[in-house]
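One structure is given here, and the rest of the page talks about it.
The values are calculated or read from the model by the stated rules, or taken from the named source; none is laboratory data. If you're wondering where the values come from, they're calculated on a predicted model, not measured in any experiment. Note: ideal-geometry Cβ built from the backbone for every residue, glycine included; neighbour counts use all protein chains shown.
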Number of protein chains: 2
Amino acid sequence: MFAEHTADPDHAAARTPHSQETWPDDIPHPCETWPDNGRGFRETLDRIGDKWSVLVIGLLSQGPLRFGMLHQRVPGISQRMLTLTLRHLERDGIVSRTAYAEVPPRVEYELTALGESLRATVYALARWVTDHNDEIETARHHYDTR
Amino acid sequence: MFAEHTADPDHAAARTPHSQETWPDDIPHPCETWPDNGRGFRETLDRIGDKWSVLVIGLLSQGPLRFGMLHQRVPGISQRMLTLTLRHLERDGIVSRTAYAEVPPRVEYELTALGESLRATVYALARWVTDHNDEIETARHHYDTR
DNA sequence: CAGCATCCAGCCCGATACTG
DNA sequence: CAGTATCGGGCTGGATGCTG
């Protein structure tokens, strides 16, 4: 499959005539790193792009929170999705989970150092969306009603 | 539904005792803007987070490209998904589409000014992932084998 | 060449019920 | 309180075939 445009196995490696002009040199271009379908890069972008992660990161950037608090403060999230989101973020080393052996049980989630470093990027993203939201809304309306 | 934690209809508005400390003041906190499930913010994040958009934006940031070229250079994308991705980006005003009345037809895609402004953010994201990919891989491996 | 239409598999995610 | 288990609908996205 995909024979149409991957007939040459060295296709990706051989694709050099148009060497990057504007893409920063020190960042591997996505298309060089993603042919192996699903490795790191993609997986990480999924985490950032998924429905709840950014919300959770945003909340945790204000300090540690318990499961229940997160559940309250992320509007509309289900227990299941909160659990999954936290597990994923934990797996990626972005949040840490601390369970206290008490009754009733208490579990606190907190950004790790890695998570903290992600914060700036999340802010940048949020800022871009905020700054350009009007333009986007306008563009969408224009597109939908043309 | 969600009666458990949305018994108070003014819940979101009334939720002020923990005013933001670290979230930048000039950026509306996601949790304030997303209760209305699916409006702008979310929709835009979806665009950035989805499987192909960032790839396409990355390629177009190097200059205009025709449909076929994009199809070649984004490894593994199907015609359908490329079309859908481009339509979405076009709708959001990030990409412009120019069809030339020739035979065979030629269609060129290009970043708009808005798209250009997004580029910096995409770079920031790519940079973060690049810079921290090792940590993430390590964390994942640790998590998976613990 | 560019792309739409159709079909269909798989998974994402929400609802619900149950546990340590 | 902080989860896990299970079920099922809907949407995502891939394959294929057909048009201007």
Considering residues that are within 11 Å of DNA strand D (Cβ to nearest atom) and either touching a residue at least 12 places away in the same chain (Cβ under 8 Å) or assigned to a strand (DSSP E or B) (or both), the number found within segment B:62-81 is 4
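Those residues that are exposed (fewer than 13 other Cβ atoms within 10 Å of the Cβ) and assigned to a strand (DSSP E or B), I need them from segment B:87-102; list them, please. It would help to see each step written out before you state the result.
Keep residues of segment B:87-102 that are exposed (fewer than 13 other Cβ atoms within 10 Å of the Cβ), which gives B:98-102.
B:THR98, B:ALA99, B:TYR100 - these are the residues of segment B:87-102 that are exposed (fewer than 13 other Cβ atoms within 10 Å of the Cβ) and assigned to a strand (DSSP E or B).
Here is a yes/no grid of residues against (1) surrounded by fewer than 15 Cβ atoms within 10 Å (Cβ to Cβ); (2) over 24 Å from B:ALA120 (Cα atoms); (3) modelled with pLDDT of 50 or more:
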position: B:GLU4; (1), (2), (3): yes, yes, no
position: B:ASP10; (1), (2), (3): yes, yes, no
position: B:ALA13; (1), (2), (3): yes, yes, no
position: B:TRP34; (1), (2), (3): no, yes, yes
position: B:ASP46; (1), (2), (3): no, no, yes
position: B:ASP50; (1), (2), (3): no, no, yes
position: B:VAL54; (1), (2), (3): no, no, yes
position: B:GLY63; (1), (2), (3): yes, no, yes
Please work out which one of (1) in contact (Cβ under 8 Å) with a residue 40 or more places away in the chain; (2) in contact with a Ser or Thr (Cβ under 7 Å, 6 or more places away or on another chain) is the condition B:LEU118 fails and give its number. (2)
Take the conditions without any contact (Cβ under 8 Å) to a residue 24 or more places away in the chain, more than 30 Å from B:GLY115 (Cβ to Cβ) and in contact with a strand residue (DSSP E or B) (Cβ under 6 Å, 6 or more places away or on another chain) and apply them to A:ALA99. Does it pass? yes
When you look at A:THR138, is it surrounded by 14 or more Cβ atoms within 10 Å (Cβ to Cβ), part of a helix (DSSP H, G or I) and within 8 Å of chain B (Cβ to nearest Cβ), yes or no? no
Residue in segment B:58-73 that is nearest to DNA strand C (Cβ to nearest atom), counting only those that are at the interface with another protein chain (Cβ under 9 Å from one of its Cβ atoms) and in contact with a Lys or Arg (Cβ under 8 Å, 6 or more places away or on another chain): B:ARG73
Only one of (1) surrounded by fewer than 17 Cβ atoms within 10 Å (Cβ to Cβ); (2) more than 10 Å from DNA strand C (Cβ to nearest atom) fails for A:PRO105. Which number is that? (2)
Surrounded by 15 or more Cβ atoms within 10 Å (Cβ to Cβ) and either more than 9 Å from chain A (Cβ to nearest Cβ) or touching a residue at least 12 places away in the same chain (Cβ under 8 Å) (or both): does that describe B:LEU84? no
